[in-house]
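Notes follow once the structure below has been shown.
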Amino acid sequence: STLFPYTTLFRSVAILLSRGPLRRGAAALQRCAPLARFYSTPVQNDAQQKPAVSIVFGQEPPSSLPDPFAVVSSQLRPLETSLKDLVGSEHPVLTRVAQHFFELVGKRFRPTIVLLAASAAAGGEPANARQVRLAEITEMIHAASLLHDDVIDLADTRRGAKAVHKIYGNKVAVLAGDFLLARASVLLARLQDIKVVELLATVLEEMVQGEMMQVKAMPEELLELDHYLSKTYRKTAALMALSCEAAALLGGHPPEVQAALQAYGRHLGIAYQLVDDHLDFVGSAASLGKPALSDMDQGLATAPVLFALEEFPQIGDIVKRRFGDESDAALVGDLVSQSDGLRRTQELATAHARKAAEALGVLAPSTARDALLRLCFDVLNRQA
Ligand code: FPP
Ligand code: MG
């Protein structure tokens with residue numbers, strides 16, 4: 001496995017704890033691992049089958065790596081229909097809203113990762129029926145979180161269309177999100193694997209806490225990269241990390257495969273959100289399907305701003321007042337572009353994408369593993 005001094009320490013303590021009654025503590029320590037990794041110096045990965053590629057921001061993946069969505073397309077296509085079938089309800093408005101949401105063109109990034117993780121863990125065998133169901137559950141949780149998030153963020157648009165709460169109002173949007181969560185919970189219980197239920201329930205807990213950290217932080221915390229990274233793990237990466245781990249569990253794979261896929265999802269998820277935050281500065285509204293430069297307008301300081309803060313300390317007070325003055329966002333936008341903030345965000349995203357790729361070294365080579373590797377490039381290159 002990959003060896004990092006701090007991570008190894010965290011892991012050892014976590015393993016010890018996991019043997020005793022303090023399992024929750026062990027889980028929390030495991031979740032600290034991404035932060036420890038961030039501060040530690042990489043040491044050569046000694047895995048025999050480490051994928052031999054170098055991942056560079058903005059560089060095309062080797063043409064030998066397959067299109068991840070194409071590899072699982074035969075399982076992704078029916079998922080479009082089944083998602084809509086699965087969210088039918090006795091109330092026509094709930095059904096309409098839930099189905100409307102799944103008709104919008106999403107990337108289906110999360111189900112793709114789950115299907116590929118399931119397959120890569122099994123040396124390239126396609127995901128089994130329970131793993132396909134897990135992929136659906138993952139997309140339902142994601143959709144629920146977006147319905148709620150758009151209410152919280154007062155967003156006008158989502159996936160290139162009017163946000164659900166803009167069409168149906170907040171009450172219906174919140175209830176539709178709750179309904180998706182409820183339906184996902186029923187489907188999850190039917191998988192009849194208590195450990196998988198615990199993992200996905202933990203995801204919900206993490207996501208709510210991550211969103212809360214974003215909405216209600218102490219002014220000083222807003223300046224801390226640690227706080228930002230911890231929030232990022234919870235809000236975005238936990239779903240990918242723990243659903244990849246759950247895919248391994250449902251395939252009956254050993255702990256080292258579960259851990260590797262968890263690490264893969266965690267690092268890919270953090271890279272994904274870092275790129276999201278980077279795109280907020282450099283992307284266009286048309287390609288993003290939502291307004292660009294919206295984070296600062298919402299009072300949020302993301303990685304580019306936190307890195308720029310090191311060069312321009314005057315950003316600190318602006319971050320603490322959550323960009324409350326009219327000219328704040330424009331001023332910080334200028335300072336960010338004069339600073340190394342965007343480049344350092346790219347670098348950090350790249351470091352996490354590399355860690356995700358390294359985690360795959362535990363798995364036997366297969367087309368699905370190559371597709372997961374390709375996602376480590378794609379996550380850095382995405383424009384939307
Ligand atoms: C998008 O973030 C939102 C999330 C990644 C998760 C939001 C989590 C909650 C609303 C907590 C409730 C959770 C559940 C499971 C119901 P963003 O606002 O940075 O991205 P955006 O620009 O796409 O909106
Ligand atoms: Mg939002």
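The values are calculated or read from the model by the stated rules, or taken from the named source; none is laboratory data. What you see is a predicted model, and the numbers here were worked out from it, not measured in a lab. Every residue, glycine among them, receives a Cβ derived from its backbone with ideal geometry; neighbour counts consider all protein chains shown. Calculation scope for accessible area: heavy atoms of the full protein, side chains included, ligands and nucleic acids excluded. Shrake-Rupley method; radii C 1.70, N 1.55, O 1.52, S 1.80 Å.
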*Just a yes or no: is a residue in the range 183-205 over 30 Å from P255 (Cβ atoms), more than 11 Å from ligand 1 (Cβ to nearest atom) and buried (at least 21 other Cβ atoms within 10 Å of the Cβ)?*
no
*asked:* Can you say whether V336 is in a helix (DSSP H, G or I) and within 17 Å of A301 (Cβ to Cβ), as far as the supplied structure shows?
replied: yes
_Exactly one condition in (1) in contact with a Leu (Cβ under 9 Å, 6 or more places away or on another chain); (2) away from ligand 2 (no atom under 16 Å from the Cβ) is false for A173; which is it?_
(2)
*asked:* Condition check: closer than 25 Å to D150 by Cβ, open to solvent by 10 Å² or more (accessible area, probe 1.4 Å) and over 21 Å from the mean Cα position of the chain (by Cα). Does R382 satisfy that?
replied: no
*So how many residues does the range 128-147 have that are within 9 Å of ligand 1 (Cβ to nearest atom) and in contact (Cβ under 8 Å) with a residue 60 or more places away in the chain?*
3
*Scan the range 151-172 residue by residue and report those that are in contact with a helix residue (DSSP H, G or I) (Cβ under 7 Å, 6 or more places away or on another chain), part of a helix (DSSP H, G or I) and surrounded by fewer than 22 Cβ atoms within 10 Å (Cβ to Cβ).*
V151, I152, Y168, N170, V172
*Say whether the condition of being open to solvent by less than 40 Å² (accessible area, probe 1.4 Å) and within 11 Å of ligand 1 (Cβ to nearest atom) is met by at least one residue in the range 265-272.*
yes
*Answer with yes or no whether V151 is in contact (Cβ under 8 Å) with a residue 12 or more places away in the chain, β-branched (V, I, T) and within 12 Å of ligand 1 (Cβ to nearest atom).*
yes
*Here is a list of conditions, (1) in contact with a Lys or Arg (Cβ under 7 Å, 6 or more places away or on another chain); (2) open to solvent by 10 Å² or more (accessible area, probe 1.4 Å); (3) in a helix (DSSP H, G or I), and S145 meets all of them except one; can you say which number that is?*
(1)
